[in-house]
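So the structure is just underneath, and the comments pick up after that.
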């Protein structure tokens, strides 16, 4: 543990120009009330924070960046700036925006009449080529003002100047109108001087001034600002350097944070605020080397050590010496380390184990763990884990019935000492045999707009993968609180035993990210986001799991496949790889490789390995793989960034790798070989006159038995607008994965039946998963109560022998209490079913949005008038030559026959009518109830 303290040998505040009458405004960011930053110059030019997210704390203004319309910024009054011919701007800042078009500071004419700006000065610490930019527009071109920029790193000279410094730096710009010069300094050193013909006064009487944005529709700047001083004098080179030296040492010393107590190594900065720092130690308990304080704790039983670290701060010709006392506590005893490490063991889902799971192989205090099963050995065994240090508990779930308690023993060891801890877990029995899937669930995101990088779910309209219900009133169901706080490319898969689901997603938020996808591939997330559920409705807390190495620039579109041969999950994703872990040294995108790792539980992962390592051109590789299996072959669909199309390959070995070049057709079965290049390109995309040519995010999945579209396989391909598409998935279907030319376009139907979010967004890169009827109905009950059916009512049917029954509509009571009467698509009734007295059941599917299953009982009765039932629509014909009880010659019918027996025929008719009415009423009240939520 490191206890962080702040010590400073210099108590003086940074030098200011507050008493200088030339100072126009001065922000220190010590305080801010209600979003107002005080101007300590005394001129009353208080700044105002606009939009949400900017923060003033610890002497810094911190801006998180974001889209042009939502990013926070500081709005600066301009009364003191209007008409100024000479201006010196002195700004301490640390830029966290990647190279791109952003503005840390801007003063200029406001936007009007659809134009950009009549003139401006702009400071950007990292232009698109990574150079410091401080420019003024030296002529007027309202349609393209950037073409008139002059100064360091201007648009007209983007590859010259100074690379953006690391950490907090002082950016000084001197605009000297009378002298006709623009001079830029970084940390007191001049980086450029340019002749100018315009100054601040030439911009006009109406100005705006900002920190963190400009009048361009560029993303907001991201970073921290320590101090800002604007004055109406032209500082000389000597004055600029002197001010830097004085301020840098004072700021560096006051900003140094050295722990007051340490039990493990900690970093020592070599620079701070442009000041060089060198360190020494007066005790062997801390050894200074390579920018690191290496802590060597006194052995257990010895006294704690008190170490003095000395920092020598150098800027220009000035030096200051700073001292920091650090207490180094004596080491723990082996027994204490063992106890702490054992106590820290946590097993996720310990009371609800449904698959193999990982346990740690070592503790943070140096213990090594060995594991054994001391109770329930028929249910669990131990083997080596997926990451080389963990262990895997292999689980054999009991047959359907009661859960089983398994006792694990963890033995922790250090230098011959051992300590044990027994941990119990509960292994759930195998689920009952699952029925065939009868519906689908779709997880997706909708794009890059504000709020769109979240995950939504949709449910099919019964067993139809091309017709969908919108869930949760069109609002996303999953949002992220970790990493970038953006979610894209969700993938849901079922565990091999069928009763647990995992969802993984990309940790990526493009909305408002300066540099967009390029930045995301250079310095993006190395994590994936994970959730799990037993029912698709109740999900675990989000897990933010690192799967990529520090040499990766991004971790995109993770998918996973359970492989029976490997007895583990294989997770795969796309990453750019670099030869350095220092993101600031990465200047250009390399190319995406498809990577893979294995996991037992989506908690512990093996080290990532390249799966497809093929460059497809500068900055281009392969992304977005989706895998399924048919027979002996795995089939993989991947986006080729060289052609922006989908490539289909097959192999009998899931983990076979590709390097150098993409394979052609043929080749060994256990290597990947080409089935079809540019899958489905040129086919209709379902839009009027539209064609699918390019796409990404392929999702392949099997059709359910009985799917109404009569296909065996589906392939959904995301066709965003930047690939000429409608910005949603385009579907294709086939009966043969081996025939790459057999894909049929299905877009016209899906286009008319897509789910749609409340903001108009439609499904982009995601996944479709088949589900059982019970799973489907639980999801509808939770997220679409106006679609989910609670009860089904149908009238029982009575017919006569030989007469086809007339089958009824269904009355559906929904979970939200509404009632709907709908027709039913009944199964065909065969003549032999109503050829003799008795009863039989007819099944059907209601024409509601849930395609609810419906059954009706048909009773077949003998006789011309049905006792207790309606008359048949066609009277039964008499057998040839037989007597119907009347005189055939006279045309007398059954009623006359009854009269001849002496029976009161009027009374019989009345009794039959009353019985018929009673039976009909009883039939109308007969209800077929469907209980929700049962498997």
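Taken together, the values in this text are just the output of simple stated rules run on the coordinates, not laboratory data. Owing to the predicted nature of the structure, the values given are computational and were not obtained by experimental measurement. Backbone-built Cβ (ideal geometry, glycine too); neighbour counts: all protein chains shown.
Quick notes on this structure:
- For the chain, the relative contact order is 7 percent, taking Cα pairs closer than 8 Å that sit 6 or more residues apart in sequence and dividing their mean separation by the residue count.
- Here's the picture: a label point sits 7 Å out from the Cα of residue 434 along the beta-carbon direction, and within the stretch 458-502 the residues with their amide nitrogen under 18 Å of it are 458-460, 462-465, 491-502.
- The helix-only estimate of mean residue ellipticity at 222 nm for the chain, built from DSSP H runs of length n ≥ 4 each weighted as -39500 (n - 2.57), is -2500 deg cm²/dmol after division by the residue total.
- In this rough spin-label picture, where each label sits 7 Å from Cα along the Cβ direction, the residue 481-residue 691 distance is 5.0 nm.
- Cβ-Cβ FRET estimate between residue 34 and residue 426, R0 fixed at 56 Å, reported to 0.05: 0.55
- Computed E for residue 287/residue 179 - FRET, C-beta separation, R0 41 angstrom, nearest 0.05: 0.15
- Maximal additional length on extending the residue 847-residue 400 stretch stands at 157.3 nm, based on 0.36 nm per residue less the C-alpha distance.
- Förster-model FRET efficiency, 35 Å R0, residue 791 and residue 759, C-beta, rounded to 0.05: 0.55
- Summary of packing: across the peptides 22-31, 343-352, the per-residue average of other C-beta atoms within 10 Å ranks them, highest first, as 22-31, 343-352.
- For the peptides 735-741, 462-468, the ranking by mean Cβ contacts within 10 Å, running from highest to lowest, is 462-468, 735-741.
- Length-normalised contact order for the stretch 253-328 - Cα pairs under 8 Å, 6+ apart - percent: 34 percent
- With 5 Å bins from 0: P(r) over the stretch 253-328, alpha-carbon pairs, percent: 3, 16, 28, 23, 15, 8, 4, 2, 1, 0
- The label-point distance for residue 659 and residue 296, in a model that sets each label 7 Å from Cα toward Cβ, rounds to 4.2 nm.
- Overall Cα dimensions of the stretch 571-611 - principal axes, largest extent first, Å: 36, 18, 12
- Which of 796, 341, 69 has the fewest Cβ neighbours within 10 Å, and the rest in rising order: 69, 796, 341
- Rg and Dmax [Cα atoms of the stretch 441-781; Å; Rg one decimal, Dmax integer]: 18.6, 56
- Cα-based shape type of the stretch 22-235, given that a ≥ b ≥ c are square roots of the gyration tensor eigenvalues and the cut on a/c is 1.5: rounded
- One decimal place: the segment residue 280-residue 320 gains 13.0 nm when fully extended, by the rule 0.36 nm per residue minus the C-alpha distance.
- Stokes-Einstein D in µm²/s, Kirkwood radius over Cα pairs - the chain at 37 °C with 0.692 mPa s viscosity: 97 µm²/s
- Linear extension gain, residue 821 paired with residue 69, 0.36 nm per residue minus alpha-carbon span: 265.9 nm
- Rg and Dmax of the stretch 547-680, based on Cα coordinates, read 14.8, 48 Å.
- Taking a ≥ b ≥ c as the square roots of the eigenvalues of the alpha carbon gyration tensor, the stretch 115-231 is rounded, as a/c is under 1.5.
- In plain terms, the residue of 728, 723 with the fewest other Cβ atoms within 10 Å comes first and the most crowded comes last, giving 723, 728.
- Overall form of the stretch 184-228 per C-alpha gyration tensor (a/c, 1.5; a/b vs b/c): oblate
- Estimated inter-spin distance, residue 839 and residue 265, nm [label 7 Å along Cα→Cβ]: 8.1 nm
- Sorting the segments 762-772, 136-146, 572-582 by their mean number of nearby beta carbons within 10 angstrom, highest to lowest, gives 762-772, 572-582, 136-146.
- Kirkwood hydrodynamic radius (C-alpha pairs) into Stokes-Einstein, the stretch 299-389, 4 °C and 1.567 mPa s, D in µm²/s: 72 µm²/s
- Of the residues 355, 699, the one with the fewest other Cβ atoms within 10 Å heads the list, and the complete ranking is 355, 699.
- For the stretch 22-235, the relative contact order works out to 31 percent when only alpha carbon pairs closer than 8 Å and six or more residues apart are counted.
- 0 to 90° range, to nearest 10: angle between helix 237-255 axis and the chain longest Cα axis: 60 degrees
- The stretch 542-624 - Rg over Rh from alpha carbon coordinates, Kirkwood radius: 1.00
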